[in-house]
Amino acid sequence: MRSKVVLRRLFRNPQARYGIIAFVLLVALAYIGPYFGSYEWTEKDFMAFLSPPDADHWWGTTSIGQDMYAITLRGMQKSIVIGVLVALIATGLAAVVGAFAGYFGGWLDRVLMWGVDLLLVLPSFLILAIVSPRLRDGSWIWFVVLLAAFTWMITSRVVRSMTISLREREYVQAAVYMGIPRWKIIFRHIVPNLSSLLIIDATLNVSGAVVGEAALSFFGFGIQPPDVSLGTLIAEGSRNATGYPWLFAFPAGMLVLLVLSVNLIGDGLRDALDPGSNS
Amino acid sequence: MSILEVTDLTVTFPGGVQAVRGVSYGVERGEVLGIVGESGSGKSVTSLAIMGLLPRGAQVSGSVKLHGRELLGMDEDEIVKVRGKSISMIFQDPLSAFTPVYTIGDQIAEAVRVHQKMAKDKAAKRAVELLDLVGIPNPNLRAKAFPHEFSGGMRQRAMIAMAIANDPDLLICDEPTTALDVTIQAQVLEVLKTAQQETGAGIVMITHDLGVIAGMADRVLVMYAGRPVEQGPVDDIYYRPRMPYTMGLLASIPRIDGEEGSLVPIEGNPPSPSALPPGCPFAPRCPMKVDMCDDEEPPLTPFGSGRHVACIRSHEIEHKGLTGADVFPVPVIPPSDVVRVPRAERATVLRLDDMIRHYPLMKGAVFKRRVGTVYAVDGISFDIAEGETLALVGESGCGKTTTLQQIMQLAPPQGGRVVVLGKDSAKLDKAARKALRRDLQIVFQDPMAALDPRMPVGDIIAEPLRAHGRKDVRARVSELLELVGLSPEHAERYPQQFSGGQRQRIGIARALALEPKLLVLDEPVSALDVSIQAGVINLLEELKNTLGLSYLFVAHDLAVVRHLADRVAVMYLGRIAEIGTVENVYDHPAHPYTQALLSAIPLPDPEMERTRKRILLEGDLPSPADPPSGCRFRTRCPKFARLSEAERQRCVDEEPSVARLGNAVDHGAACHYAEEIEVITASDDQEEK
Amino acid sequence: MGKYLLRRLAINVILVAVAASLAYMLAATTMNPRGAYEGRQPPVPEAVIDATLDAYNLNDKTPVLQRYATWASGVITGDFGKTWNGGSVNDEMGRRVWVSLRLLLIGTIVGFVVGVALGAWSAVRQYKISDRVIGVSAFVLMAIPVFVLATLLAIGTYNLNRGLGFTLIEYTGEYNPKLAGWDQLMNRLNHLILPTISLSIGVSGAAFYSRIQRNMMLDVLGQDFVRTAMAKGLRRRTALIKHALRTALIPSATYFAFALGTMFTGAIFTEKIYAWHGMGAWLVDAINANDVNSVAAVTFFAAVCVLAAGFLSDLLVAALDPRVRVS
Ligand SMILES: Nc1ncnc2c1ncn2[C@@H]1O[C@H](COP(=O)(O)OP(=O)(O)OP(=O)(O)O)[C@@H](O)[C@H]1O
Ligand code: SF4
Ligand code: SF4
Ligand SMILES: [Mg+2]
């Protein structure tokens, strides 16, 4: 019932509507697009090095003859998967840690929040940069876990402070006075009432993770060759961006569109879920 | 000529919400016009429209003339010269009405400087004078304080000071005392009267409290669904209402001088402004409705001298001399069996012995540290017998809610004892505590906050049942919904789809799910409109009698308490000041605080209000972190002021404890010089005893 | 107050110490400075390598805890050790800190001021064309990662300069060492333009603040005290600026710390892309060069930056908001 209202409001919000349409199109492009291109992403065309976009190579080729269209879409797939997974893990973690810290307070709260502070102070970039290239065989899943481990802290603080105010809410107290165990109260009354925050946050974490992955890969600390991601492609492209703009323009453009569409959805969701907000 | 002339004012918000539909009135110099109506009836929107302060999307039409000059459609350059100069406004919530980052003095000085060419230091001086005028102690010092450092009553005074800074011709007060305690309300109303004398301004007084209007207003306008439905001199409206809505409203309010008998509830809810019924907007709730009422909206027509009524049957009402109690069905509430047993022979369901609850006092949000102790509850004792209602009354901050929480937690108190149904809360293990929770349930103040917005009502009511392993959940939920006057189909809806009164019924159903013996009620009706309130009060009374419940009832509304409670305990700063049966305490209050409290409550009776003698208290509630030595009430005690030096010393040195008063069985007061007097109906004409 | 500050300082010192130690441990256990010497032609004898690494406290044959102890005792006396090839980390840091701080400070302040101003203006003109233009631009800018933005700006400037035929805006390096005096200062300023723009305009700068400020303003606009201010007879504009903006600044200040953190990450890219020799570029180089002590030093710096920003934003909030001050 409520979800129906939210969905209706979401679609009535032009920002969110454009965001959703763009995101769906981009995902479709990433996953269905390769079937239409004439080259595989692993293929190398030795007849065409650094050729500009034309009828054959729609988005041009790289210095070793890879088809930019195929390889960019391949990179996009990676970026989308990483973004979504990181967001799910990070938001889930943030919800649990924040809700427990906020609800129980006392030493548990202090320990958890101290951990959060520490993680915030640690340069996540450094740790990811040192660790992830050394996970070569562990594949990119570990990279996802690491990225998520450095994404959840701010949300968990917000969740914590909202939990503290929810804890004083009368319906939560009512549950306590009914004799319902506290962990049950957290999952039944607290987390569901944070769901709008969590949904919005998960959305924005998607774009954060996409950018984070690209940033690390940009320096060669993220996705390792032969696998590609938007970040590695942009790094590659930016070196020759003035001479061969298509190497930079397509992956960078896709990245910006992806992030933009996700941000639009997030912002629209905020409007739809929170009738009081003005954004 | 009148100062303000409003003609046919309408306000429509985007989305077709007709918040105000044709309001007309005039205000004369020195006159007080009272506007009453339920929440959402368009009172605030009307006054904002006059000031031109509505949000931008709102469409306003009609005419608002100040001294014959049209205000609607005036451009900003002109209207800023009127606002704050000729018309001033006082808002309901004085905390949010001041900018938090500037001092009170600066904000008042700003108001002065907007309209008068004046040097900064002179304006600052004027601000101090104004603060002095509205009775702020140490105005020099207090002008440098920030809004959050003021108490609610002081903020509202400062607000009044700001409003009269430029000698306005018209003051619009939008619920100026709703957020305040009764004793503070009495002070602020007094200040308002002074301000009016000082400026000779006309006042538009908006409120939902019929008592406040009775004492202040010369004429009254009753609003319903965005329109005036009755208008006239205050006595006519109160003693001879000629429109069923006004009649119902007056019959639904409990009174502190009240007679016994059940209240008259108005069934149903006010219509939503975006879905109005075709004819008379009150028709769906009106017991006098005839078919013709649905044909067209009855216009506000002149009726006798100087009054207007919008009801097609008003002449019939006049003719037959009908009152609210004649027109609206009066519910019959079955009497209770338990009360036939003398109190002393009944079991005790709750006993508090010298219970204490102190909190650490923290200061600052960024630089947090402990700076003292709040003595929230500092040794209170009382007991409740089976089938009895004990009311705990007192101003905000006196420790009522803390007391309730301490009882509900079933944890060992910091000091003293809490005994629920014969079991000491300090000696409970986990299982016993859970078992005891079946017998002890609570109904909260805010019916919206008390229900999880993400759960259907059926689940909300079923939650305690499931938690305690009941099997017949479904059947029981239906049964409970019917018990509180809702229908079983409602189980699938969400709390947002119910009105305030219905939500409170859901809260009551949940509390009754496990068939408790003792129900704790934390201000169960204070968030509801009067016409809805009566229904909930009647329900509570009925449930108590039929199910044999005992209530611990917390309220600040002494009229409701008088109606519902058997015994009453008056709290002041974490201690009990007076306790006893309702009749004893209300009719012969012995503690000076109780006396002041009772005399501060406005009666919905203009004649009595005009002659009533008030005991006004000085100043604010002292901080519970730093209570005065000896008797806590001595800083504000009117009796203390009249005592001799030697007698006073006792109040300063020795803390009085509740002592039984000589001639009564169940009546005690914590005052060294307790003396029973009558205050509710005390009037100026009466000779001082 | 004094006691409070001391306690807070102590907590921060501990946090910095733990962060730097963790970074050191991580770097010391996973990095391999030996690699830089082993591959040399002609081959260096192992004993020589060991001796060199020992001198730099980088020898992986020494137990890591022992190396840590040496490093930590050095740090306590203010010595951050040696780089992988024997340079002094302190000297290197001394050079680079100012480069980074200059960039970070200017970037943060420009971003904050521009963002707040635009956001407030946008809120006042809600739903007007200017509001929409600012909103859409902010959205697009926030979607552009710093490294893409920096590259785009560099390409744009390159083309601009080429089109003009002379170098109007510098797009690489910090300054031209050949110039002196006044010219040198102007030249330094010129070199600052692009990095500052790329840092202060996007996710961690103006675009971000303008969104926040707009939301805060709109929240405040609906509040009673703005209405009171107008009821006093203030014009809408005056009421908005004097009452609404002033109050809405408070929450924006709290975001300051958070943004400075992201700014540091942004600075890494900016420095790399514009060939500035700051702390961020050093971090990337140090990781690639297996330079354990430098990595720990940069971590130390970053942690100090974040905590200082947190503290600063608390001070700022206390200065802006009388409600949180202790009387
Ligand atoms: N900005 C707005 N946009 C849309 N509808 C509004 C707006 N402000 C008020 N309304 C609607 O106008 C109607 C009248 O509201 P108003 O605030 O005047 O009631 P009121 O009589 O002052 O009630 P209360 O006693 O609760 O103060 C309500 O239905 C309300 O929902
Ligand atoms: S017009 Fe009809 S429905 Fe309306 S108040 Fe009068 S009798 Fe009732
Ligand atoms: S004890 Fe003294 S101060 Fe206290 S209430 Fe009685 S007369 Fe007043
Ligand atoms: Mg109102």
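Filter the range B:185-197 down to the residues that are open to solvent by less than 10 Å² (accessible area, probe 1.4 Å) and farther than 25 Å from B:Val393 by Cα, then identify the one that is modelled with the lowest pLDDT.
Within the range B:185-197, the match that is modelled with the lowest pLDDT is B:Ala195.
When residues of the range A:220-236 are filtered for being crowded, with 24+ Cβ neighbours inside 10 Å and within 11 Å of chain C (Cβ to nearest Cβ), how many remain?
Counting residues in the range A:220-236 that are crowded, with 24+ Cβ neighbours inside 10 Å and within 11 Å of chain C (Cβ to nearest Cβ) gives 3.
Within the range C:80-138, which residues are β-branched (Val, Ile, Thr) and open to solvent by 30 Å² or more (accessible area, probe 1.4 Å)?
C:Ile106, C:Ile109, C:Val110, C:Val113, C:Val114, C:Val124, C:Ile129, C:Val133, C:Val136
Going by what's in this entry, would B:Thr581 be described as surrounded by fewer than 22 Cβ atoms within 10 Å (Cβ to Cβ) and at pLDDT 90 or above?
Working: surrounded by fewer than 22 Cβ atoms within 10 Å (Cβ to Cβ): yes; at pLDDT 90 or above: yes.
Judged against the criteria, B:Thr581 is a match.
Given the criterion under 25 Å from C:Ala20 (Cβ atoms) and either more than 14 Å from chain B (Cβ to nearest Cβ) or crowded, with 21+ Cβ neighbours inside 10 Å (or both), identify the matching residue among A:Phe100, A:Phe150, A:Phe104. If you could, list the steps in order and put the result at the bottom.
Numbers: A:Phe100 fails: under 25 Å from C:Ala20 (Cβ atoms); A:Phe104 fails: under 25 Å from C:Ala20 (Cβ atoms).
On inspection, the qualifying residue turns out to be A:Phe150.
Name the single residue that is farthest from C:Ser252 (Cα to Cα) among those in the range C:219-235 being surrounded by fewer than 20 Cβ atoms within 10 Å (Cβ to Cβ) and at the interface with chain B (Cβ under 7 Å from one of its Cβ atoms).
Checked the range C:219-235; the qualifying residue farthest from C:Ser252 (Cα to Cα) is C:Arg235.
Residue check: is B:Gly469 more than 14 Å from chain A (Cβ to nearest Cβ) and at positive phi?
No.
Yes/no matrix, rows are residues, columns are (1) open to solvent by 10 Å² or more (accessible area, probe 1.4 Å); (2) assigned by TED's automatic domain parsing to the domain that holds B:Met571; (3) at pLDDT 90 or above; (4) away from ligand 3 (no atom under 16 Å from the Cβ):
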site	(1), (2), (3), (4)
B:Thr183	no, no, no, no
B:Val204	no, no, yes, yes
B:Asp209	yes, no, no, yes
B:Ser262	yes, no, no, yes
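Return the residue satisfying two criteria in turn: it lies in the range C:158-173 and is β-branched (Val, Ile, Thr) and more than 24 Å from A:Ala214 (Cα to Cα), and of such residues it is most open to solvent (accessible area, probe 1.4 Å).
Looking only at the range C:158-173, we keep the residues that are β-branched (Val, Ile, Thr), and these are C:167, C:169, C:172.
Add one more test, that the residue is more than 24 Å from A:Ala214 (Cα to Cα), and what stays is C:167, C:169.
Numbers: C:Thr167: 78, C:Ile169: 38 Å².
Top of the filtered list is C:Thr167.
For the range B:1-31, enumerate the residues that are out of contact with any strand residue (DSSP E or B) (no Cβ under 8 Å at 6 or more places or on another chain) and either among the β-branched types (Val, Ile, Thr) or near ligand 1 (Cβ under 8 Å from one of its atoms) (or both).
Passing the criteria: B:Pro14, B:Gly15, B:Val17.
Confirm whether B:Glu76 is surrounded by 14 or more Cβ atoms within 10 Å (Cβ to Cβ) and either within 11 Å of another protein chain (Cβ to nearest Cβ) or touching an Asp or Glu at 6+ places or on another chain (Cβ under 9 Å) (or both).
No; evaluated as a whole, the condition is false for this residue.
Out of everything in the range C:292-308 that is at pLDDT 85 or above and open to solvent by 30 Å² or more (accessible area, probe 1.4 Å), what residue ends up being nearest to C:Thr83 (Cα to Cα)?
Checked the range C:292-308; the qualifying residue nearest to C:Thr83 (Cα to Cα) is C:Phe300.
From the list B:Pro241, B:Pro254, B:Pro287, B:Pro270, which one is free of Cβ contacts under 8 Å to residues at least 60 places away in the same chain and either within 16 Å of ligand 4 (Cβ to nearest atom) or away from chain A (no Cβ under 14 Å) (or both)?
Answer to the selection: B:Pro287.
If I ask for residues that are more than 28 Å from the chain's Cα centre (by Cα) and either in a helix (DSSP H, G or I) or more than 10 Å from B:Gly387 (Cα to Cα) (or both), which ones from the range B:320-340 would you list? Reasoning before the result, please.
In the first step, residues of the range B:320-340 are kept if they are more than 28 Å from the chain's Cα centre (by Cα); the result is B:320-322, B:334-340.
Listed by number, the residues that qualify are B:Lys320, B:Gly321, B:Leu322, B:Pro334, B:Pro335, B:Val338, B:Val339, B:Arg340.
Scan the range B:155-175 residue by residue and report those that are of a type in the set (D, E, K, R) and either assigned to a helix (DSSP H, G or I) or within 16 Å of ligand 1 (Cβ to nearest atom) (or both).
Across the range B:155-175, the qualifying residues are B:Arg155, B:Arg157, B:Asp174, B:Glu175.
Can you confirm whether the range B:656-679 contains a residue that is open to solvent by 50 Å² or more (accessible area, probe 1.4 Å), under 22 Å from the mean Cα position of the chain (by Cα) and either modelled with pLDDT under 90 or within 16 Å of ligand 1 (Cβ to nearest atom) (or both)?
No, there is no match, as no residue in the range B:656-679 is open to solvent by 50 Å² or more (accessible area, probe 1.4 Å), under 22 Å from the mean Cα position of the chain (by Cα) and either modelled with pLDDT under 90 or within 16 Å of ligand 1 (Cβ to nearest atom) (or both).
From the set of residues in the range B:589-612 that are assigned to a helix (DSSP H, G or I) and aliphatic (A, V, I, L, M), which is farthest from B:His672 (Cα to Cα)?
B:Met608
Looking at the range B:32-57 only, could you name the residues that are near ligand 1 (Cβ under 7 Å from one of its atoms), more than 14 Å from every other protein chain (Cβ to nearest Cβ) and closer than 21 Å to B:Asp169 by Cα?
Selection gives B:Lys43, B:Thr46.
Those residues that are of a type outside the set (Phe, Trp, Tyr), in contact with a Pro (Cβ under 9 Å, 6 or more places away or on another chain) and over 17 Å from A:Pro245 (Cβ atoms), I need them from the range A:40-68; list them, please.
Selection gives A:Glu40, A:Thr42.
Taking the residues in the range B:281-316 that are open to solvent by less than 20 Å² (accessible area, probe 1.4 Å) and in a loop (DSSP other than H, G, I, E, B) as candidates, determine which candidate is farthest from ligand 2 (Cβ to nearest atom).
B:Arg307
Among the residues of the range B:414-438, write down those that are among the basic types (Lys, Arg), within 14 Å of another protein chain (Cβ to nearest Cβ) and not in a helix (DSSP H, G or I).
Hit for the range B:414-438 is B:Arg438, nothing else.
Quick one: A:Phe248 ticks every box in (1) within 11 Å of chain C (Cβ to nearest Cβ); (2) assigned to a loop (DSSP other than H, G, I, E, B); (3) not hydroxyl-bearing (Ser, Thr, Tyr) except a single one, so which number is it?
If we test A:Phe248 against (1) within 11 Å of chain C (Cβ to nearest Cβ); (2) assigned to a loop (DSSP other than H, G, I, E, B); (3) not hydroxyl-bearing (Ser, Thr, Tyr), just (2) comes out false.
I want to confirm something. Restricting to the range B:10-23 and keeping residues that are more than 16 Å from ligand 2 (Cβ to nearest atom) and surrounded by 17 or more Cβ atoms within 10 Å (Cβ to Cβ), which single residue is nearest to the other protein chains (Cβ to nearest Cβ)?
B:Phe13
Scan the helices (runs of 4 or more DSSP H) fully inside the range A:84-194 and keep the ones with 3 or more residues being within 21 Å of the chain's Cα centre (by Cα).
Answer list for the range A:84-194: A:106-121, A:124-131, A:139-149, A:153-167.
Being open to solvent by less than 10 Å² (accessible area, probe 1.4 Å) and either more than 30 Å from B:Leu598 (Cβ to Cβ) or away from ligand 1 (no atom under 16 Å from the Cβ) (or both) narrows it down to one of B:Gly200, B:Gly248, B:Gly268, so name that one.
Numbers: B:Gly200 fails: open to solvent by less than 10 Å² (accessible area, probe 1.4 Å); B:Gly268 fails: open to solvent by less than 10 Å² (accessible area, probe 1.4 Å).
Of the residues listed, the single one that is open to solvent by less than 10 Å² (accessible area, probe 1.4 Å) and either more than 30 Å from B:Leu598 (Cβ to Cβ) or away from ligand 1 (no atom under 16 Å from the Cβ) (or both) is B:Gly248.
Select from the range B:35-59 the residues that are within 16 Å of ligand 2 (Cβ to nearest atom) and within 19 Å of C:Tyr127 (Cβ to Cβ) and list them in ascending order.
None; the set is empty.
Answer yes or no as to whether A:Leu269 is away from chain C (no Cβ under 11 Å), in contact with a Phe, Trp or Tyr (Cβ under 9 Å, 6 or more places away or on another chain) and farther than 30 Å from B:Lys434 by Cα.
Taking the combined requirement at face value, the residue does not satisfy it.
The values are calculated or read from the model by the stated rules, or taken from the named source; none is laboratory data. Here the structure is a predicted model, which is why all the values come from computation and not from measurement. Here Cβ is always computed from backbone atoms with ideal geometry, including for glycine, and neighbour counts include all displayed protein chains. Surface areas here come from the heavy atoms of the whole protein model, side chains and all, with no ligands, DNA or RNA. Shrake-Rupley method; radii C 1.70, N 1.55, O 1.52, S 1.80 Å.
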